[in-house]
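Data block below; observations after.
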Amino acid sequence: MSVYSLNLRPVFPPAHLAETEGLLAVGGDLSRERLLKAYAEGIFPWYSPGDPFLWWSPDPRALLFPAEFHLSHRNRRYLQKTGFVCRRDTVFTKVVRACAEIPRRHESGTWITPEMQTAYIDLHVAGFAHSFEIFQNHELVGGLYGISLGRCFFAESMFSLVDHASKAALVDLVALAKRRNFHFIDVQFLTPHLEQFGGREISRREYLLRLGRALKKPALRKIWSEL
């Protein structure tokens, strides 16, 4: 299969036409309209600095189902002793920038380019992007951010400055997802870290069916600190 070249119109080819590794299209822009359309069709941007915009729809797709989330007793006891304070949507921009700037083990550089940061901050202003923030001694020490449409959450990135801070952010996300009857949390690719919490892979076909059902519900377009 060939990779599709996008123009200025916010239109994508069907997700099932992606290449084996998941690459579907190249080009376009990061406008609000295009990004929302992409996520609603099971597509997301992922590219390196200096490269053109690349759009992906992998098969299989990794998800966390709130009802299947697993946190060990050891981790739960540890988190209860940290003094972490969980907040949402109070420092979204700081969370995005921390995800872009803080080095990660086994990774060099970042895919969260300045234009990507600007695009997701715009989605936050519009009520579609949200952050889960962990504070310790009044300092931001971890968090994650992502996009919410219908009753699903597309987790984009997380960071930690102290042990287990990003884990605490994930726990808060799952708790909210359970309360609000979210169908799933999309984590795109399965890693051993996510697998320990109950993450698993499903086929692209099943993913798109589940996505369609989740998008029939209205999006929670408000500041999530109120939820």
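Laboratory data are not the source of any read-out in this text; all were calculated from the coordinates shown. Keep in mind that this is a model prediction, so the values were computed, not measured. So basically every Cβ, Gly included, is an ideal-geometry build from the backbone, and we count neighbours across all protein chains shown.
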Inset, instruction - Set the Förster distance to 25 Å, then compute FRET efficiency between Ala175 and Arg205 from the Cβ-Cβ distance, nearest 0.05. - result: 0.25
Legend entry - Hydrodynamic radius by Kirkwood, which averages 1/r over all alpha carbon pairs of the stretch 34-123, in angstrom: 16.4 Å
Inset, instruction - Could you please state, rounded to a whole Å, how far the C-alpha centre of the stretch 18-56 is from the C-alpha centre of the stretch 179-227? - result: 19 Å
Inset, instruction - Provide the per-residue ³J(HN,Hα) series for the stretch 120-126, in order, calculated from phi with Karplus coefficients 6.51, -1.76, 1.60 and θ = phi - 60°, each as a whole number of Hz, with x at glycine and proline positions. - result: 6, 5, 4, 5, 5, 4, 7
Legend entry - Low-density loop positions, trypsin sites (Lys or Arg not before Pro), the stretch 93-164 - DSSP coil, at most 10 other Cβ in 10 Å: Arg105
Inset, instruction - Would you be so kind as to identify which of Ile185, Ala100, His124 lies farthest towards the positive end of the dipole of the chain, taking Lys and Arg as +1 and Asp and Glu as -1 on Cβ and the Cα centre as origin? - result: Ile185
Legend entry - Reach of Lys216 by Cα under 28 Å, taken over lysines that are not fewer than 8 positions away in the same chain: Lys37, Lys178
Legend entry - Set of the stretch 41-69 residues, backbone N closer than 17 Å to the point 7 Å along the Cα-Cβ line of Glu115: 44-56
Legend entry - Which label in (i) 23.3; (ii) 12.0; (iii) 15.6 gives the computed mean projected area of the Cα convex hull in nm²: (ii)
Legend entry - Of Ser225, Leu17, Ser5, farthest towards positive along the dipole that unit charges on Lys, Arg, Asp, Glu beta carbons give the chain: Ser225
Legend entry - DSSP-assigned coil residues among GluC sites (Glu not before Pro) in the stretch 51-149, each with at most 14 further Cβ atoms within 10 Å: Glu107
Inset, instruction - State the percent of C-alpha pairs, over all pairs in the stretch 80-183, separated by a distance greater than 18 angstrom. - result: 46 percent
